[in-house]
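This report refers to the structure that appears directly beneath it.
The values are calculated or read from the model by the stated rules, or taken from the named source; none is laboratory data. Since the model is a prediction, treat every value here as computed from it, not as a measurement. Cβ placement follows ideal geometry from the backbone for every residue including glycine, while neighbour counts extend to all protein chains displayed. Accessible surface areas use protein heavy atoms only, side chains included; no ligands, DNA or RNA. Shrake-Rupley method; radii C 1.70, N 1.55, O 1.52, S 1.80 Å.
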Amino acid sequence: MRERIAFDRKSQRTFDANGFLHVAMSPISKEAVNDYYGHEIPNWQKLGLDPNRIYKGYRPADELQKAVATFNGLNILSEHIKDDAEDPPKDYIIGSMGTDANFATPYLRNSLIIKDAKAIELLSPADPEAMPKREISASYRYDPVFKSGTFDNQRYDFIMTNIRGNHIALVEEGRAGSDVVVSDQNTVNMK
């Protein structure tokens with residue numbers, strides 16, 4: 001079943017004279033518990049983790065709040081690919097985040113600028129159901145602290161600390177959930 005969410009503002013989106021899509025503010029991550037394979041967790045070998053086991057990681061609000069500035073000015077990619085100055089993924093860069101990142105429970109948010117015509121077209125279909133990549137997935141470095149607990153009635157195995165942003169990518173299904181999407185003025189269908 002799909003749930004409809006309407007945004008309060010008339011529109012989060014505008015276009016400039018270059019044809020670039022500007023999104024005033026959009027969620028890019030959120031406080032949550034998510035599944036990670038052992039091999040996806042930093043230093044998994046040193047921690048003695050099973051590379052094929054699923055561990056539940058908690059991304060706490062206070063750690064996202066501390067990470068806000070590290071998400072300013074980063075690239076927006078069409079795919080999750082390593083992004084660094086030594087080997088930038090030029091063929092996958094479709095825009096950038098603004099410099100006004102903030103945290104408002106439960107969301108880490110930032111403005112977005114989409115500069116690639118194909119990506120803009122994909123984000124603006126006549127039928128929102130046809131939008132294959134509307135969710136946002138943040139990529140970041142973090143230090144795992146293996147301390148179990150619960151958040152929002154979900155058990156977790158480790159806590160993500162010292163979060164440092166790298167990029168965000170447009171994806172079909174992001175770990176943060178179907179409410180972490182490119183904001184728009186229209187009603188958005190959510191899983």
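Only the Cβ atoms of Lys and Arg (+1) and of Asp and Glu (-1) were treated as charged; on that basis the dipole of the chain about its Cα centre amounts to roughly 340 debye. Available extension along the chain between Asp100 and Thr70 is 9.7 nm, counting 0.36 nm per residue and deducting the alpha carbon span. Restricting the trypsin sites (Lys or Arg not before Pro) of the stretch 43-136 to loop positions (DSSP other than H, G, I, E, B) with no more than 14 neighbouring Cβ atoms within 10 Å leaves Arg53, Lys82. Taking Cβ atoms as reference points and 12 Å as the exclusive limit, the residues near Asn43 contribute a net charge of 0, counting Lys and Arg as +1 and Asp and Glu as -1.
Summary: within the chain, the longest segment free of chymotrypsin sites (Phe, Trp or Tyr not before Pro) located in DSSP loops with at most 14 other C-beta atoms within 10 Å is 8-145. For the pair Asn52 and Asp87, a Förster radius of 30 Å applied to the C-beta separation gives a FRET efficiency near 0.60, rounded to the nearest 0.05. Here the chain is scanned for GluC sites (Glu not before Pro) in DSSP loops (not H, G, I, E, B) that have at most 16 other Cβ atoms within 10 Å, and the longest stretch holding none of them is 87-171. Classified by the C-alpha gyration tensor, the stretch 132-171 has an oblate form. Its axis ratio a/c, with a ≥ b ≥ c, is 1.5 or above, and a/b does not exceed b/c. Just checking the listed ones, Asn75, Asn34, Asn153: in the Gaussian network model of the chain with Cα springs under 10 Å, the one fluctuating most is Asn153. Summing charges over neighbours of Phe146, with a neighbour being any other residue whose Cβ is under 14 Å away from its Cβ, gives +2 when K and R count +1 and D and E count -1. Only lysine pairs 8 or more places apart or on separate chains count here, and in the chain those with Cα atoms under 24 Å apart total 29.
Note on Phe20 and Glu40: their simple-model spin labels are 3.1 nm apart, each label 7 Å out from Cα toward Cβ. Computed over protein heavy atoms with a 1.4 Å probe, the accessible surface of the chain works out to 54 Å² per residue. In the list [x] 11.9; [y] 10.9; [z] 13.4, the label attached to mean projected area of the Cα convex hull in nm² as derived from the coordinates here is [x].
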